[in-house]
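J.: Pasting in a structure now, in structure tokens, and then I'll have a few things to ask.
What follows draws every value from the coordinates through simple rules; no lab data is involved. Note that the structure is predicted; figures quoted are calculated from it, not measured. For neighbour counting, all protein chains shown are included, and Cβ atoms are generated from backbone atoms with ideal geometry for every residue, glycine included.
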Amino acid sequence: FAILLHFTITEAFAVYAGQNLGARCFDRIREGFWKVTGVLMVLCLISTVLVYFYGDSFVHLFITASDPNLESIVTISRGFLRVSSCLYPFLGLILIHNNTLRGIGDTLYPLISGLVELFAKGGLAIILGALFGYYGVWFAAPIGWVLGMIPPAIRYHRGGWEKMADRIDLQTLESVRFRAESSRFLLP
């Protein structure tokens, strides 16, 4: 729950990006992208500090004090939360890149990103877990974020997504033509 705000902000930006793509205001998308990225990095820093120093309190919310494994659960959870929270900036970056592309209708790269992230997390959890135990498993998700960020970051920063506006214009034109032709049959 420390990162829910990150998801919300990037999803809101997806709508903003989509609207500005339709209006062909590409500079607003680029400017907004960097502003939202800055806000995300500040939020990531705040989230990291809160989770790193107060993670035990969060863990205690989900475990009863009478649990016989309380000590080991808190210790293992603390380790995972500290490792992953230090790499929240990469989670913020994967979110802003993927949601920006989704918002403008360029969904292939976020799909590739999701697959890379999924397989990296699963594969690395197995491999790093076998090599380093808990520590390896803790790093699997953050490394998955970093690897999953690469495809959408390349797509966004290389450009080419501006052409999505042409595709949207063509789809809108075809939709208007279809409605116009359909309405001819309805009129006397």
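J.: Which order results if Trp34, Trp138 are arranged by neighbouring Cβ count within 10 Å, fewest first?
T.: Trp34, Trp138
J.: Among Met149, Met164, rank each residue by its count of other Cβ atoms within 10 Å, from fewest to most, as a rough exposure measure.
T.: Least crowded to most crowded, the residues run Met164, Met149.
J.: Follow-up. How big is the Kirkwood radius of the chain, worked out from every pair of different alpha carbons and given in Å to one decimal?
T.: 18.9 Å
J.: Using only the alpha-carbon atoms, how far is helix 164-186 inclined from the longest principal axis of the chain? Give it as 0 to 90 degrees, nearest 10.
T.: It is inclined by approximately 50 degrees.
J.: Calculate the spin-label point distance for Leu5 paired with Arg158, positioning each point 7 Å from the Cα along the beta-carbon direction, and give it in nanometres.
T.: Modelled inter-label distance: 3.5 nm.
J.: Further question on the same structure: Under a crude label model (7 Å from the Cα following the beta-carbon direction), how far is Phe119 from Thr107 in nanometres?
T.: For Phe119 paired with Thr107, the spin-label model returns 2.1 nm.
J.: Here is a further query. In nm, give the distance between the simple-model label positions of Ile76 and Ala130, each being 7 Å from the Cα along the Cα-to-Cβ direction.
T.: For Ile76 paired with Ala130, the spin-label model returns 2.0 nm.
J.: Further question on the same structure: Roughly speaking, what is the stretch gain from Cys25 to Met41, that is 0.36 nm per residue apart minus the C-alpha to C-alpha distance, in nm to one decimal?
T.: That pair, Cys25 and Met41, stretches by 3.3 nm at full extension.
J.: Which of these, Gly79, Gly114, Gly133, has the largest mean-square fluctuation under a Gaussian network model of the chain (Cα springs below 10 Å)?
T.: Its mean-square fluctuation being the largest, the pick is Gly133.
J.: If you take the square roots of the eigenvalues of the alpha-carbon gyration tensor of the range 1-41 and sort them as a ≥ b ≥ c, do you get rounded (a/c under 1.5), prolate (a/b over b/c) or oblate?
T.: oblate
J.: Something else now. For helix 26-60, report the angle its Cα long axis makes with the longest principal axis of the Cα atoms of the chain; keep it between 0 and 90° and round to the nearest 10°.
T.: Between helix and principal axis, roughly 20 degrees.
J.: May I pose another question? Using only Cα atoms, tell me the angle between helix 70-86 and the longest principal axis of the chain; keep it within 0 to 90° and round to the nearest 10.
T.: The helix 70-86 is inclined about 40 degrees to the chain.
J.: Using R₀ = 41 Å, calculate the FRET efficiency as 1/(1 + (r/R₀)^6) where r is the Cβ-Cβ separation of Tyr52 and Asp166; round to 0.05.
T.: Here the calculated transfer efficiency is 0.35.
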